[in-house]
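Step one of this worksheet: look at the structure below.
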Protein chains: 2
Amino acid sequence: MKVLSKACVYGLRALIYMALKKGDSPYVSIGEISEELDISFHFLTKTFQSLTEKGILKSYRGPSGGVAFAQPPEAIFLIDVVKIIEGEGFFDSCLLGLPGCGEAAPCPVHDFWKEARGAMKREFETTSLAGLADKVSRQRLRISE
Amino acid sequence: MKVLSKACVYGLRALIYMALKKGDSPYVSIGEISEELDISFHFLTKTFQSLTEKGILKSYRGPSGGVAFAQPPEAIFLIDVVKIIEGEGFFDSCLLGLPGCGEAAPCPVHDFWKEARGAMKREFETTSLAGLADKVSRQRLRISE
DNA sequence: AGGATTTAAGACTATTTTATCTTATTTTAT
DNA sequence: ATAAAATAAGATAAAATAGTCTTAAATCCT
């Protein structure tokens, strides 16, 4: 069951890495992240560009440049990132792929799926990057293979 | 959010169609199903082949042949179909795509995702084709676009 | 000023998924 | 027997996703 695209998974891992890294400079180079997490540099760059456009990150070129959070990671929730990378309609899908599935013209599993994806949405709305980073450092979790 | 592949979605829609159709002969031709539900004939044929191999369906060639349930639709649950079409490990995925994610080496969202996919699995385990077909006919739901 | 470093942007390639097409094989009815 | 109806199987094509490469632009440092 593949729910999130590679771009999204890589983006989230990278953001957690950034949130985890409390250095003197807020800027972290994409090169460092891609090396540490073993993610294609150019692929990650492309993903980060959209996050920069949408105001999640800010970027700075040149030596010792990189990307940094444009908002504190406490205020960035998974849903913000997912919506940017996967698209706005991410939580409106029909499990059976019927276009326009909804209360008016539901599919046979609409009721269940509405609840299931709703739970997922709520979780994404309440989980911040800072919260995840905190969990990772406390419990020594991994964010790469 | 695309959870199920086209092959799986088409397969499920087609099976519901079959469960819905209480004709004199248990055999329904794939040609009819593909036409009624607007699904590529050959694509559906390929999907049905694996369901036949795994004992969900039985097939009969020749004029007035087709496919029929090898077990009563009351005894066929969504999970049976999904596991055949999507693969055995469908409910073991990691949301962040980390290989070997589990209790021993969990990812940061493992706890949540374990619960979410568990709920989905339970729903699939308890929903039969007959149950869905019944719901469709009672509530006049649609199974095609 | 000039070279090194880093993101930005877009073209290009590869892989996977989805869909179609073609040909064979099996079965039934006449 | 023969024709018709259906599945079986594999080659091929199209589309979506994932990943790579190249060039440009910005910034810093000496």
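What's the carbon and sulfur percent of the protein assembly as shown's accessible surface, probe 1.4 angstrom, rounded to a whole number?
Details: 7280 of 14760 Å².
That fraction is 49 percent.
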Accessible area per residue of chain B at 1.4 Å probe, in Å²? 51 Å²
Using a 1.4 Å probe, how large is the accessible area of B:Tyr10, given in Å² and rounded to the nearest 10? 50 Å²
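Using R₀ = 25 Å, calculate the FRET efficiency as 1/(1 + (r/R₀)^6) where r is the Cβ-Cβ separation of B:Glu145 and A:Glu88; round to 0.05.
Computed FRET efficiency for B:Glu145 and A:Glu88 comes out at 0.70.
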With loop defined by DSSP as not H, G, I, E or B, and exposure as at most 10 other Cβ atoms within 10 Å, which is the longest segment of chain B clear of exposed trypsin sites (Lys or Arg not before Pro)? B:62-139
How far, in nm to one decimal, is A:Arg122 from itself in the other copies if the label point is set 7 angstrom along Cα toward Cβ? Shortest first, please. 1.4
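Rounded to the nearest 100 Å², what is the buried accessible area between B and A, both sides summed, probe 1.4 Å? Could the numbers behind the result be given before it?
Details: alone 9050 and 9070 Å², together 14760 Å².
Buried area (both sides, nearest 100 Å²): 3400 Å².
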Farthest positive-ward along region A:41-115 dipole, Cα basis, beta-carbon charges - from A:Gly55, A:Phe112, A:Ile84: A:Gly55
Hydrodynamic radius (Kirkwood) for region B:1-41, which is based on Cα pairs only, to one decimal in Å: 10.9 Å
In short, region B:68-110 residues buried by 40 Å² or more of accessible area relative to the isolated chain (1.4 Å probe) are B:Leu95, B:Leu96, B:Leu98, B:Pro99, B:Pro106, B:Pro108
Starting from the Cα-Cα distance between B:Leu20 and B:Glu36, subtract it from 0.36 nm times their residue separation and give me the gain in nm to one decimal. 4.5 nm
At 7 Å along Cα-to-Cβ for each site, give me the label-to-label distance between A:Thr52 and A:Ala68 in nm. 1.4 nm
Can you give the direction-averaged projected area of the convex hull of the alpha-carbon atoms in chain B, in nm²? 9.9 nm²
Cα-based Debye curve of region A:1-72 sampled at q = 0.13, 0.15, 0.23 Å⁻¹ gives log₁₀ I(q)/I(0) of -0.33, -0.44, -1.06
Where q = 0.15 Å⁻¹, what log10 of I(q)/I(0) comes from the Debye formula for the protein assembly as shown, counting one point per Cα? -1.08
Tell me which residues come under 5 Å, amide H to amide H, from A:Leu57 once H is placed; ignore anything under 5 positions away on its chain. A:Thr52, A:Ala70
Report the Cα centroid-to-centroid distance between region B:77-98 and region A:55-73 in angstrom, as an integer. 38 Å
At A:Glu125 and B:Ser137, where each label point lies 7 Å from the Cα along Cα→Cβ, what is the point-to-point distance in nanometres? 3.9 nm
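Whenever you get a sec, line up A:Phe112, B:Phe41, B:Phe48 from highest to lowest accessible area (probe 1.4 Å, protein heavy atoms). List each step's numbers first, then the result.
Details: A:Phe112 35, B:Phe41 90, B:Phe48 0 Å².
Ranked from most to least accessible, the order is B:Phe41, A:Phe112, B:Phe48.
The values are calculated or read from the model by the stated rules, or taken from the named source; none is laboratory data. Quantities reported herein were computed from a predicted structural model and do not represent experimental measurements. Backbone-built Cβ (ideal geometry, glycine too); neighbour counts: all protein chains shown. These area figures cover heavy atoms from the full protein model, side chains too; ligands, DNA and RNA do not enter into them. Shrake-Rupley method; radii C 1.70, N 1.55, O 1.52, S 1.80 Å.
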